[in-house]
Each structure stands twice: as structure tokens, then as C-alpha cells.
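Here's the structure, in C-alpha cells; my notes come after.
The values are calculated or read from the model by the stated rules, or taken from the named source; none is laboratory data. What you see is a predicted model, and the numbers here were worked out from it, not measured in a lab. Using ideal geometry, Cβ is built from the backbone for each residue, glycine included, and neighbour counts are taken over all protein chains shown.
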Amino acid sequence: MAGTITAIRVQKKNPRRASLYLDGKFALGLSVEVVQDWGLRRGQALSEADLEALRQAERKQRAYRDALRLLSYRPRSTAEVRQRLARRDYDEDQIEAAVARLQELGLLDDRAFARAWVENRQVFRPRGRRALASELWQKGLAREVIDEVLDSMLDEGDEAQQALALARKRAGALAGLERPVFFRRLRGYLARRGYPADVVREVVGRVWEETQGGD
């Protein structure tokens, strides 16, 4: 048997935490949220099993707060959050509790993450569908989520126009090269950015004609 709560004191250095005392002796530190969720009060008797359950609740709360901190730096996928929490030695139950809570609050959403990723890429570092899909897959997103988001945000016409704009911008650095070298380098440049072969072929030929005016 553990004992009876004789005091619950908010910590001076961290007002979000409280010290729990049983029978006049310090027992453990808890977040204020856990104290409130459990309805802890003076005079309440706690068993050893209760203390262990409180420790587990505290670990779940810490996992949640660590996940919030991660998301405050930049958006992350669900898989990224799970991986980072696992590195901090949280167990599966603690990680899943944190993930579920974040999802319920709308703070962790793989579809929203994918949309934001694609929007950012399109503005700052344009990529073709293949490259975007690869990047999102590496972030741990499910294939169906990737396909759904890309289908809703990209179409073949947009991809071709984007590739053309990139090729025109890049062509200045390739001015004066012979046709085979120009084609090889510009094709490689666009292919590395995930544009399909048929789009690359058409765009490179068009840009050659625009900038070189010959075969």
C-alpha cells in the first residue's frame, strides 16, 4: 500500500508541474494536467498500482508535450512524430496515445501535411509528380494519401508548364553548348526533378528552338 495524499504543491521553478506527497513524504512529480485529469486531492488514498498508473499517465503527457514541441518547429507527418518519440524511449502505448490526441485536435494530419509540402515545393523548389511522391513516401505517408493529394493538386498540363518554366530559366546557363550536350544536360536537370520522360522530351526540344533557333 502506497499511502495517503497529504499535499500537492505546484513547483516554483515550473508552475506546470506539481509535487505529490504521500504521508508527508515526496512521492513523485506530475504535470498539472495529470493531477487535474485524475482529480487528485488531499486525503485521497493511493495504492502502488495507482502510483504506477500515474507514472504511465505522466509518461503519456510528456510524450504529448514533446510531440507538440516537435510540431512547433515545423509540420511533420505522423510517421515522423512516431519515429522521433521512439528515439526518446517512449513505448508504443505512450506514442500512440500522443498521436491519437494530436490527431483528435487536428494538429497531426497527413493529408494536410502532404498538401502543405506540395504547395511549398511548387513555390520554392518545383518538382514533378514522381519526385513529390518519392519525397512524401520518405516522410512515411501512405501511398493512398500521396496519390489522393497529388491527384487533387496536380494535372499534366500544370506539370508541363512548370517544367517549361524551369527549363527556360536553366537554359541561360547552357547557352552556347552543342545540341547533344544541351539536350543531355537539360533532360537530366528536369528528370532529376521528377518530370516524366514525355514532358521532358517535349520541353527540351521547345526550349532549344526558342533559345538556339536551330537543330
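Points worth noting:
- Residue pairs meeting the criteria (Cβ under 8 Å; at least 6 apart or on separate chains; first at positive phi and in contact (Cβ under 8 Å) with a residue 12 or more places away in the chain, in the stretch 57-74; second in a helix (DSSP H, G or I) and surrounded by 14 or more Cβ atoms within 10 Å (Cβ to Cβ)): none
- Per the conditions (1) among the basic types (Lys, Arg); (2) in contact with a Lys or Arg (Cβ under 8 Å, 6 or more places away or on another chain); (3) in the same structural domain as residue 188 (by TED's automatic domain parsing), the sole criterion not satisfied by residue 121 is (3).
- Single condition residue 13 does not satisfy, out of (1) outside the structural domain of residue 81 (by TED's automatic domain parsing); (2) at pLDDT 95 or above; (3) charged (D, E, K, R): (2)
- Among (1) exposed (fewer than 11 other Cβ atoms within 10 Å of the Cβ); (2) over 29 Å from residue 117 (Cβ atoms), the one test that residue 69 misses: (2)
- Residues in the stretch 178-215 that are surrounded by fewer than 16 Cβ atoms within 10 Å (Cβ to Cβ) and not in a helix (DSSP H, G or I) were compared, and the one that is modelled with the lowest pLDDT is 215.
- Taking (1) exposed (fewer than 14 other Cβ atoms within 10 Å of the Cβ); (2) within 12 Å of the chain's Cα centre (by Cα); (3) among the β-branched types (Val, Ile, Thr) in turn, residue 81 satisfies each apart from (1).
- If you go through the stretch 106-117 and keep only what is surrounded by 14 or more Cβ atoms within 10 Å (Cβ to Cβ) and either touching a Lys or Arg at 6+ places or on another chain (Cβ under 9 Å) or not in a helix (DSSP H, G or I) (or both), you end up with 107, 108, 109, 110, 113, 114, 117.
- Subset of the stretch 29-38 [crowded, with 16+ Cβ neighbours inside 10 Å and either touching a residue at least 60 places away in the same chain (Cβ under 8 Å) or small (Gly, Ala, Ser) (or both)]: 31
- Scan of the stretch 161-177 for residues that are in a helix (DSSP H, G or I) and surrounded by fewer than 14 Cβ atoms within 10 Å (Cβ to Cβ), ordered by number: 161, 165, 169, 172, 173
- Within the stretch 118-160, if we keep just the residues that are surrounded by 12 or more Cβ atoms within 10 Å (Cβ to Cβ) and polar (S, T, N, Q), the residue that is modelled with the lowest pLDDT turns out to be 122.
- Filtered residues of the stretch 12-28 (kept if in contact (Cβ under 8 Å) with a residue 12 or more places away in the chain, loosely packed, with under 13 Cβ neighbours inside 10 Å and under 25 Å from residue 98 (Cα atoms)): 15, 16
- Matching residues, the stretch 48-84, being closer than 30 Å to residue 25 by Cα and either assigned to a loop (DSSP other than H, G, I, E, B) or charged (D, E, K, R) (or both): 48, 50, 52, 55, 58, 59, 60, 62, 65, 66
- Candidate set from the stretch 85-105 (those that are touching an Asp or Glu at 6+ places or on another chain (Cβ under 8 Å) and in a helix (DSSP H, G or I)); member that is farthest from residue 64 (Cα to Cα): 103
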